Amino acid sequence: GELLLCEASTVYKYMQEDGSNRGTYGKLVCTNFKISFLDDDSASDDNEPQFKNKIVGENDITLQCVDQIYGVYDEKKKLLTGQLRKYPEKLIIYCKDLRVFNFCLRYTKEEEVKRIVSGIVHHSQTPKLLKRLFLFSYASAAPNNRDGRNQTVMFETLEDWRDELERTKGNVKYKAVTTNEGYRVSEKLPLYFVVPICISEESILKYEGRGIPIWCWSCHNGAALLKMSAFPKEQDDSTSQMQKAFLDGIYKTISKPPYELLKMDDLSSSLPSLQDIQTAYTRFKQLFLIDNSTDFWATDVKWFSLLESTNWLEIIRRVLKKAIEVVECLEIQHTNVLLIEESATDLCCVISSLVQVMMDSYSRTKSGFQSLIQKEWVIGGHGFLDRCNHLHKSEKEEAPVFLLLLNCVWQLVQQYPPAFEFTETYLTVLSDSLYVPIFSTFFFNSQHQRDTNKSGESLKTQSGPFRFLTVWDWSVQFDPKAQAFLNNPLYAEKPKPDKSQRKTARFKHQRQLSLPLTQAKPSTKRGFFREETDHLIKNILGKRIGKFINSSDEPPNSFREFYDSWHSKPVDYHGLLLPHIDGPEIKVWAQRYLRWIPEAQLHGGGTIATAAKILDLMEEVQSLQVKMDEEHSQAVSGDIHSVPMLRNSARLSSLFPFALLQRQSVKPALPTSTWKDLEDEDDLVKRDDEFVDLSGDML
């Protein structure tokens, strides 16, 4: 379904805008799917990356992945939008996956320059109709005959919801309903969803599903996580009185003290607004859209202050803190939590997903996490089309809400690697897939929009609905060797405990709740005095803590108490997981944000160097296991993870597998005076020579 729209020959692509003008000649083309640079030099086998995307190559940019386009006129950069009167001599394309492409058009024919520049700007920056997305061209030309769910539950049928209720033991108090079949309640709601058993069909129909608690997940102790779309705030008095009476009736059906407690949390008042999130991310991504080496070293000097001023890491911290507060209500206070938001499809999705990742080890498996995204985001009605601004309709609606979730999950993955079946590379390629318009997963606002746009003429089958691909079929993008990078070989498989053990472990956190002596995480080596004082504190505070748990009024410091108490104990990778959220414990997702910047990569360093050694060791152990089993004529127990060989880890970049093995970077030689200009402190530069070589032998 891909069509060539315009092209230009003799385009020079800079390898890196570092003043060296090194690069390569080739052809720049624009299709209805992507912008692509066709290099004259074919990649040598030596330089062939182990981790390669079959759909989008190293020099390909999907139209949805283009963030901003700049033209350079007489060394001045100008943002390109709409109609152009004058055409630039250089083109800079900034991508949403943070790649930066520099093209020189000085040697290209003038007519070709006009065609390619106006073509790229028009097809990637101007508003378009939904049916003009490449998704439809692809689906009509290549009907999907594969079922690529990979054990992912799609939540498109009533059975899927009933199975999930049964899995979480939520079917005692909650029921899956068919009220919205034919979308007669609301086009924003999914076809099937789950509500408390006592909610009537009339109640659901009354306000088009608004004011109805919709079930997300049930905890092992019976407490449930619910979400609800709020009524509009600006209403006349009589309407708001009726709505208030309706809500009071609904709350009474769920909240039945002392047995069933309910805590309501209005996320629009307790978390940053979508506008704040968008502003912070826009500032944050500018730190990584580096044009040239000089810019990199200039920002490197004031990196921490620049990072803090974006407020992005603070937003991640606040979101994780909110999720921990919800976990505390469910786990310790046995209270149902109702998340409230205007549409219940943005921050509700973030918090409910994080709570499930923290509390339910199934959500930390690959198929479990994918099912969670399907349930809470895709079927749950998150407006991917608007929030990612795929159609360039309105920048006011744009906000990186799903990216915020992935950033939060990454914090947990890097803090507790053995708890997750997937890797950070999996999260990175999932974030990249937001901009690949051959999958329907991230290109609709709701299940209704997907269903109504499924009908269409298919070129090969003459008629019948489109069969869109799902992003969960990773074989479309990666061959088996590359897919191995998505799986964590160090994942701690869940043991099958006996029922007696399970009972004792169940309410572990409630029974052992105690105030630690210090705010900091205590040492794992517990001495005699430490145990004695702990015991004393438990005795003195035992009654008070018991009151705290059972009282509906939350004590002022119960969050800190719960957080510190959990972190003072050994981690159960299949139990509750709480992230560290204090200060520097919230980190930048280096693999996603720094992977295209050669200066930021460590030659033979970073976590990949450690992982390579561990994988070599695992491989050795597995081969010994095979030999032993052969000697004993027994089958190998358990699956051996197929792990791509990571030989010569000294040659790998710290941001592997995205950086190429032999990526060159020119050593920036900055005059000493430049450093003095960048920062007043003289101790940065204590060398007498005229130039300072900064990069060493970087990858």
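Here are a few things to note about the model shown:
- Cβ pairs under 9 Å, 6+ apart, first in the stretch 49-72 and closer than 22 Å to Leu486 by Cβ, second open to solvent by less than 40 Å² (accessible area, probe 1.4 Å) and of a type in the set (Asp, Glu): Asn53/Asp60; Asn53/Asp432; Val56/Asp432; Cys65/Asp97; Cys65/Asp432
- Residues located in the stretch 579-627, provided they are among the polar types (S, T, N, Q), more than 21 Å from the chain's Cα centre (by Cα) and open to solvent by 40 Å² or more (accessible area, probe 1.4 Å): Thr610, Gln622, Ser623, Gln625
- Near pairs, Cβ below 7 angstrom, 6+ apart or cross-chain, from the stretch 108-127 (modelled with pLDDT of 95 or more) to any residue that is open to solvent by 10 Å² or more (accessible area, probe 1.4 Å) and among the charged types (D, E, K, R): Ile116/Glu7
- Filtering the stretch 345-352 for residues that are surrounded by 17 or more Cβ atoms within 10 Å (Cβ to Cβ), in contact with a strand residue (DSSP E or B) (Cβ under 9 Å, 6 or more places away or on another chain) and more than 26 Å from Arg387 (Cα to Cα) leaves an empty set.
- Apart from one condition, Ser367 fits all of (1) part of a helix (DSSP H, G or I); (2) open to solvent by less than 20 Å² (accessible area, probe 1.4 Å); (3) not charged (D, E, K, R); the exception is (2).
Yes or no, residue by residue, for (1) at pLDDT below 95; (2) assigned to a helix (DSSP H, G or I):
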residue	(1), (2)
Asp295	yes, yes
Arg318	no, yes
Lys321	no, yes
Val337	no, no
Ser343	yes, no
Ser352	no, yes
Met358	no, yes
Gln374	no, yes
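- The residue of the stretch 146-165 that is surrounded by the fewest Cβ atoms within 10 Å (Cβ to Cβ), among those that are assigned to a loop (DSSP other than H, G, I, E, B) and of a type in the set (A, V, I, L, M, F, W, C), is Met154.
- Among the residues listed as Ile214, Ile204, the single one being closer than 29 Å to Leu576 by Cβ and either β-branched (Val, Ile, Thr) or not assigned by the TED database to the domain that holds Glu376 (or both): Ile214
- Leu405 vs. criteria in contact (Cβ under 8 Å) with a residue 40 or more places away in the chain, in contact with a Ser or Thr (Cβ under 7 Å, 6 or more places away or on another chain), part of a helix (DSSP H, G or I) and within 14 Å of Gln370 (Cβ to Cβ): yes
- The residues of the stretch 88-102 that are among the charged types (D, E, K, R) and either touching a helix residue (DSSP H, G or I) at 6+ places or on another chain (Cβ under 6 Å) or on the phi > 0 side of the Ramachandran plot (or both), listed by number, are Lys96, Asp97.
- Selection status of Leu247, open to solvent by less than 40 Å² (accessible area, probe 1.4 Å) and touching a helix residue (DSSP H, G or I) at 6+ places or on another chain (Cβ under 8 Å): no
- Condition check for Phe439: open to solvent by less than 20 Å² (accessible area, probe 1.4 Å) and in contact with a strand residue (DSSP E or B) (Cβ under 7 Å, 6 or more places away or on another chain): yes
- Residue check for Leu313: at pLDDT 95 or above, closer than 24 Å to Asn557 by Cα and in a helix (DSSP H, G or I): yes
- Only one of the listed residues (Met242, Met264) is open to solvent by 10 Å² or more (accessible area, probe 1.4 Å) and assigned to a helix (DSSP H, G or I). That residue is Met242.
- Any hit, the stretch 337-351, residues being closer than 22 Å to Leu98 by Cβ and in contact (Cβ under 8 Å) with a residue 12 or more places away in the chain: yes
- Answer residue from the stretch 166-185, given it is within 20 Å of Asp360 (Cβ to Cβ) and without any contact (Cβ under 8 Å) to a residue 40 or more places away in the chain and is surrounded by the most Cβ atoms within 10 Å (Cβ to Cβ) among those: Ala176
- Residues of the stretch 76-98 that turn out to be surrounded by 18 or more Cβ atoms within 10 Å (Cβ to Cβ) and among the charged types (D, E, K, R), as a count: 3
- Criterion violated by Ser293 - all others in (1) surrounded by 16 or more Cβ atoms within 10 Å (Cβ to Cβ); (2) within 24 Å of Val401 (Cα to Cα); (3) among the hydroxyl-bearing types (Ser, Thr, Tyr) satisfied: (2)
- Of the criteria (1) in contact (Cβ under 8 Å) with a residue 24 or more places away in the chain; (2) within 30 Å of Lys77 (Cβ to Cβ); (3) open to solvent by 10 Å² or more (accessible area, probe 1.4 Å), which one Glu325 fails: (2)
- Residues that are in contact with an Asp or Glu (Cβ under 7 Å, 6 or more places away or on another chain) and either free of Cβ contacts under 8 Å to residues at least 60 places away in the same chain or not in a helix (DSSP H, G or I) (or both) within the stretch 267-293 comprise Asp291, Asn292, listed in sequence order.
- Gln634 satisfies every condition listed in (1) open to solvent by 80 Å² or more (accessible area, probe 1.4 Å); (2) at pLDDT 90 or above except (2).
- Of all residues in the stretch 446-503, those that are in a loop (DSSP other than H, G, I, E, B), at pLDDT 90 or above and not small (Gly, Ala, Ser) total 11.
- From the options Lys188, Lys206, Lys227, residue that is of a type in the set (D, E, K, R) and more than 26 Å from Ser363 (Cα to Cα): Lys206
- Scanning the stretch 118-138 for residues that are within 30 Å of Glu89 (Cα to Cα) and assigned to a helix (DSSP H, G or I) yields Ser118, Gly119, Ile120, Val121, His122, His123, Ser124, Gln125, Phe134.
- Hits in the stretch 328-339 (condition: surrounded by 24 or more Cβ atoms within 10 Å (Cβ to Cβ) and β-branched (Val, Ile, Thr)): Val337
The values are calculated or read from the model by the stated rules, or taken from the named source; none is laboratory data. Keep in mind that this is a model prediction, so the values were computed, not measured. As a convention, Cβ positions derive from the backbone with ideal geometry for all residues, glycine included, and neighbour counts pool all protein chains shown. Ligands, DNA and RNA are excluded from the accessible area calculation, which covers all protein heavy atoms including side chains. Shrake-Rupley method; radii C 1.70, N 1.55, O 1.52, S 1.80 Å.
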